[in-house]
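Data first, discussion second: the structure below is written as structure tokens.
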Amino acid sequence: MRFPRGRRRLAIVVAALLATAAVAVIVHRVLAPAEVSTVARADYPAPARPAPGVIGRLPVAPLIVDGRLRVYAAHRQVYADRPVDGRYRTSPFWSYRRWPAELTGVVASGRTVVSRWSDGRVVALDASTGRVLWRADGPVPAKADVVVRRTGAATVWDPRGLYRAALPDGRMLLVVTGDREARGFGLAEGRELWRVELPGACRSDVGTTLTGQLIGLDTCAGPAAVEFRDAATGTLRSRWRPVEAPDALVVTPLGCRTGRSDCSGLRTAGPGDAGGRGWLVGVGEPAPATALDPADATLVDEQAVTVLDGTVVGRSARTGTERWRVGGLGPAARVLAVQPGRLHLLTEENDLVTLNPVSGAQLSRFRLNVGSDGTGWAPGAVAAEDGYVAVERLRRPVDPDADDQRYFLSSEPVILAVS
């Protein structure tokens, strides 16, 4: 039996329309913006109390959150595992994924984990469950000149344009910046508190201070100047230049509690480190701190620390008075990382030596080795938080232009230790 020609054409048209609709549904499901939140199904873990030493190795960089979880960054996902002192990465405790936006930064404060995305969206998660606490629209991230490798270290350890800022009244704020705009949010509820216009790529972020200021470097008109904004309102408080500073200025934050947030000092220098000078930052104008003038000086707990020929010297950052001296670490010893109450040094043999930065007393010492990996590696990116230290291990000789397989020591290049 054959259909009349008219009916046959109608059937073809209907079939084509149905096929087109089916394809449209599939394309929409695949390509439409999506958000997938997989919350925790187990109880929030208790804080761990591991003994000093190497805990294990990981394929990606962990952000230690609340002393209980490890949070990681993927291309389009932020997720957590536990226990915090686990030897290897485990199945996600919770996970949050967006598409097609890309994850550009993660910061944490207490039990709040904040993620920033390439479309400007800011999403805060409850670390204990992974549930979304709030969402907000922020400025689109500025194009960064930082290479984000497969460990995700740049995303979780040094997120550009995403900063914490503590206020004197105890409130914690979130400051989010782009090329042309900065916005401030209450960290607890995500309410936008302010937004200000920025001049563009001729201005760059330095970080935030312990006294609730956003520091930027402005090179837009004339000699470079350091600007200080009130993190609570976005108001420009002051513009400052060191006396006799060169027109071109490099500003490095010092004494930061995490990444470039909650910093207590900075260092200014010209091209090629000419005229390097250290400063303590507080409520007023930066105060000179000559003990921070050397390029390798480190600031922790108001102590300026330098290492020369295997001897570590701690001086008062305010007065320059020597407080303590520790020798015998070997000529290649260097400061690896700092965190409140701990100064971490790495020896030529890759021993991790942790000192009390106020007294110089040794808190722990052990070799950074796990399994049969050995110590024939160079340190890459480093993070220290809650007594933990995580270090990327790179192949020697280090080739910054190499692909990830050649650049990193192994498929699990991050070594995690507790001091």
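Report the semi-axes of the equivalent ellipsoid for the chain in whole Å, largest first, where each axis is √(5λ) for an eigenvalue λ of the Cα gyration tensor. Before the final figure, lay out the partial values.
Values: eigenvalues 377, 160, 80 Å².
Listed largest to smallest, the semi-axes of the chain are 43, 28, 20 Å.
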Proximal charge balance of Arg260 [Cβ under 11 Å; K/R count +1, D/E count -1]: 0
Pairwise label distance in nanometres, Arg171 with Arg237, each label 7 Å out on the Cα-Cβ vector: 1.5
Computed E for Ala361/Asp145 - FRET, C-beta separation, R0 35 angstrom, nearest 0.05: 0.30
In range of the label at Arg180: residues from segment 138-170 whose backbone nitrogen is under 18 Å from the point 7 Å along Cα→Cβ: 138-144
Using θ = phi - 60° and Karplus 6.51 cos²θ - 1.76 cosθ + 1.60, couplings along segment 181-193 (whole Hz; Gly, Pro as x): 7, 10, 9, x, 10, x, 5, 6, 10, x, 6, 6, 9
Positive-pole candidate from Leu346, Pro413, Val358, dipole of segment 333-419, charges at beta carbon: Val358
Inter-label distance, nm, simple model (7 Å from Cα along the C-beta direction), Arg191/Thr290: 4.9
Inter-label distance, nm, simple model (7 Å from Cα along the C-beta direction), Asp373/Leu308: 3.4
For segment 266-354: relative contact order, % (alpha-carbon pairs under 8 angstrom, 6 or more apart): 17
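Please work out how much length the chain gains when fully extended from Ala332 to Arg49, using 0.36 nm per residue of separation minus the C-alpha to C-alpha distance, in nm with one decimal. Before the final figure, lay out the partial values.
Values: separation 283, 0.36 × 283 = 101.88 nm, distance 3.13 nm.
Between Ala332 and Arg49, full extension yields 98.7 nm more.
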Farthest positive-ward along the chain dipole, Cα basis, beta-carbon charges - from Val335, Ala154, Val251: Ala154
Kirkwood hydrodynamic radius (C-alpha pairs) into Stokes-Einstein, segment 256-413, 10 °C and 1.306 mPa s, D in µm²/s: 95
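What length, rounded to one decimal in nm, is gained on full extension from Arg325 through to Trp99, with 0.36 nm per residue of separation minus their alpha-carbon distance? If you can, show how the numbers build up before the last one.
Values: separation 226, 0.36 × 226 = 81.36 nm, distance 5.27 nm.
Stretched fully, the Arg325-Trp99 segment lengthens by 76.1 nm.
If you add up the charges near Ala297, with Lys and Arg at +1 and Asp and Glu at -1, over every other residue whose beta carbon is less than 10 angstrom from its beta carbon, what do you get?
Neighbourhood net charge equals 0.
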Acute angle (nearest 10 degrees) that the helix 5-31 long axis makes with the longest principal axis of the chain, alpha-carbon atoms: 10
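The numbers here are math on the coordinates, done by the rules we state, and not lab data. For clarity, every value in this text was computed on a predicted model and none was experimentally measured. Positions of Cβ are generated from backbone atoms using ideal geometry, with glycine treated the same way; all protein chains shown enter the neighbour counts.
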